[in-house]
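What follows is a set of notes on a single structure, which appears directly below.
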Amino acid sequence: ENSIYLLLESLNDAGNKIPVIPIIADVADKDAMKSVFETYRPEIIFHAGAHKHVPLMEYNPKEALRVNAFGTYNLASLAGEYKAQRMVMISTDKAVRPSSVMGATKRIAERLLLSVQAKYPDTKYMAVRFGNVLGSRGSVVPKFERQIERGGPVTVTHKDMKRYFMLIPEAVSLVLQAGSMGKGGELFVLDMGEPVNITEMAETLIKLHGHEPYKDIKIEFTGVRPGEKLYEELFYDPAHVDKTTHEKIFLMKMGEDRANVLDSVERIINEPAGELREGIFALGSDAN
């Protein structure tokens with residue numbers, strides 16, 4: 001809850017006059033979420049509540065599935081039940097041919113979200129995929145800054161590691177625009193530009209602090225962590241997306257998902273760890 005506390009403090013410091021009601025609850029707790037919907041009847045929902053740390057979720061697959069999958073399904077079902085106008089889920093590039101538990105559970109969450117559309121046609125559901133956001137919680141830049149301040153070393157997993165990045169204002173703006181243009185049942189992807197080499201980013205930050213990389217501040221390569229890829233998948237393939245009215249927002253072409261995803265999630269979540277992981281990747285590895 002400390003993140004919510006800090007957010008409220010920053011809003012107060014900025015002179016915000018719009019009422020903000022903080023609620024500390026678990027998105028996978030259906031009773032708690034139902035109470036929120038019953039009390040406030042939200043019209044538009046932006047769902048960003050998820051476990052996002054790739055290596056941590058490799059060790060905690062059941063929790064990743066519980067929060068990322070069931071949490072999304074809970075909110076989507078309640079959005080329809082309480083007649084919300086639209087629900088926008090924040091997804092990730094790691095859901096594209098996922099190599100990690102986190103990415104696979106986010107892909108399952110996308111499938112669950114869009115499966116609810118048929119049951120509640122009056123509510124518009126959509127997901128928006130994008131990559132890393134500079135300055136967000138968990139971003140690599142604050143980590144590098146802390147390491148530089150204490151004299152190094154700066155730790156990078158692999159010298160060839162690349163990631164897509166976007167600034168917070170652009171990410172927020174594009175999510176809002178994608179959410180407004182959706183008619184229901186869409187999976188949008190954002191154009192993130194060219195991927196950034198993480199080693200070059202570390203070298204640049206060291207230089208900006210007035211130091212010489214590898215001489216004043218060392219860079220150490222620690223090895224790729226469980227579930228990580230050296231390169232994230234390209235955000236869009238021209239053969240598999242359609243353009244929209246916005247040059248940086250694309251629409252995935254998707255086949256019909258006939259599987260009963262919820263039944264499969266309920267079946268595998270109590271499996272032993274090894275079988276649970278296999279089930280997560282089986283559900284999260286479809287072509288979309």
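The values are calculated or read from the model by the stated rules, or taken from the named source; none is laboratory data. Just so it is clear, the structure is predicted and the values come from calculations on it, not from any experiment. Ideal geometry is used to build each Cβ from the backbone, glycine not excepted, and the neighbour counts take in all protein chains shown. Remember, those area values only see protein heavy atoms, side chains included, never the ligands or the DNA or RNA. Shrake-Rupley method; radii C 1.70, N 1.55, O 1.52, S 1.80 Å.
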| request: Apply the Kirkwood formula to the stretch 178-238: the hydrodynamic radius equals the inverse of the mean of 1/r over all pairs of different alpha-carbon atoms; give it in Å with one decimal. | output: 15.3
| task | With no solvent and one equal point scatterer per Cα, compute the Debye intensity ratio I(q)/I(0) for the stretch 1-155 at 0.14, 0.18 Å⁻¹ and report its log10, rounded to two decimals. | result | -0.81, -1.20
| task | Go ahead and set up a Gaussian network model of the chain, Cα springs under 10 Å, then flag whichever of Pro272, Pro55, Pro42 fluctuates most. | result | Pro272
| request: Rank Arg150, Arg107, Arg129 by mean-square fluctuation in a GNM of the chain with C-alpha springs under 10 angstrom and give only the top-ranked residue. | output: Arg150
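Cα-Cα over 19 Å: which of Lys94/Lys183; Lys62/Lys106; Lys17/Lys52; Lys159/Lys215; Lys52/Lys106; Lys94/Lys162? It would help to have the intermediate numbers written out before the result.
Details: Lys94/Lys183 25 Å; Lys62/Lys106 13 Å; Lys17/Lys52 31 Å; Lys159/Lys215 17 Å; Lys52/Lys106 9 Å; Lys94/Lys162 13 Å.
Check vs 19 Å cut-off fails for Lys94/Lys183; Lys17/Lys52.
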| message | If you average 1/r across every pair of different Cα atoms in the stretch 53-107 and take the reciprocal, what Kirkwood value do you get, in Å? | response | 11.9
| request: Calculate the spin-label point distance for Lys215 paired with Lys143, positioning each point 7 Å from the Cα along the beta-carbon direction, and give it in nanometres. | output: 2.8
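Could you sort Tyr231, Tyr120 by accessible area so the largest value comes first, with the probe set to 1.4 Å?
Numbers: Tyr231 120, Tyr120 45 Å².
Listed by decreasing accessible area, they come as Tyr231, Tyr120.
At 222 nm, what value in deg cm²/dmol follows for the chain if DSSP H runs of at least 4 each add -39500 (n - 2.57) and the sum is divided by all its residues, to the nearest 500?
Numbers: 11 runs with 114 residues, N = 288.
It comes out at -12000 deg cm²/dmol, rounded to the nearest 500.
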| message | Given all pairs of different Cα atoms, what value in angstroms does the Kirkwood hydrodynamic radius of the stretch 238-288 take? | response | 13.3
| Accessible surface of His53 in the full protein assembly, 1.4 angstrom probe, to the nearest 10 Å²? | 90
| query | Taking the Cα atoms of the stretch 165-288 alone, what are Rg (to one decimal) and Dmax (as a whole number) in Å? | reply | 20.1, 57
| said: Taking only complete DSSP H runs, can you tell me which helices of the chain stretch 18 Å or more along their own long axis by Cα positions and average at least 1.0 on the Kyte-Doolittle scale? | reply: 168-181
| query | So, in nm, how far is label Leu7 from label Met254 when the simple model puts each one 7 Å beyond its Cα toward the Cβ? | reply | 2.4
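Over the chain, average the accessible area per residue using a 1.4 Å probe and give it in Å², no decimals. Before the final figure, lay out each step's value.
Numbers: 15390 Å² over 288 residues.
Ligands and nucleic acids excluded, the figure is 53 Å² per residue.
Would you mind calculating the gained length between Asn270 and Asp242 on full extension (0.36 nm times residue separation, minus the Cα-Cα distance), in nm to one decimal? Don't skip to the answer; put the middle values down first.
Working: separation 28, 0.36 × 28 = 10.08 nm, distance 3.85 nm.
Roughly 6.2 nm would be gained on extension.
Quantify how much of the Cα-Cα distance distribution of the chain extends past 29 Å, in percent. Write down the numbers at each step before the final one.
Details: 15976 of 41328 pairs.
I get 39 percent for the Cα pairs in the chain exceeding 29 Å.
All other residues with a Cβ under 11 Å from the Cβ of Ala127 taken together, and with Lys, Arg as +1 and Asp, Glu as -1, what is their net charge? Walk me through the numbers before you get to the answer.
Details: positive: Lys106, Arg107, Arg111, Arg129; negative: Glu110, Glu186.
Once all neighbours under 11 Å are counted, the net charge is +2.
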| At a 1.4 Å probe, what is the % contribution of carbon and sulfur to the accessible area of the stretch 148-260? | 52
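State the antiparallel share, in %, of DSSP beta bridges confined to the chain, rounding to the nearest 5. Before the final figure, lay out the partial values.
On the way: 8 of 29 bridges.
Restricted to the chain, the bridges split so that about 30 percent are antiparallel.
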| task | Restricting things to alpha carbons, tell me how big the stretch 75-153 is in terms of Rg and Dmax, in Å. | result | 17.4, 56
| query | So how much slack lies between Glu81 and Thr155, counting 0.36 nm per residue of separation and subtracting their Cα-Cα distance, in nm? | reply | 21.9 nm
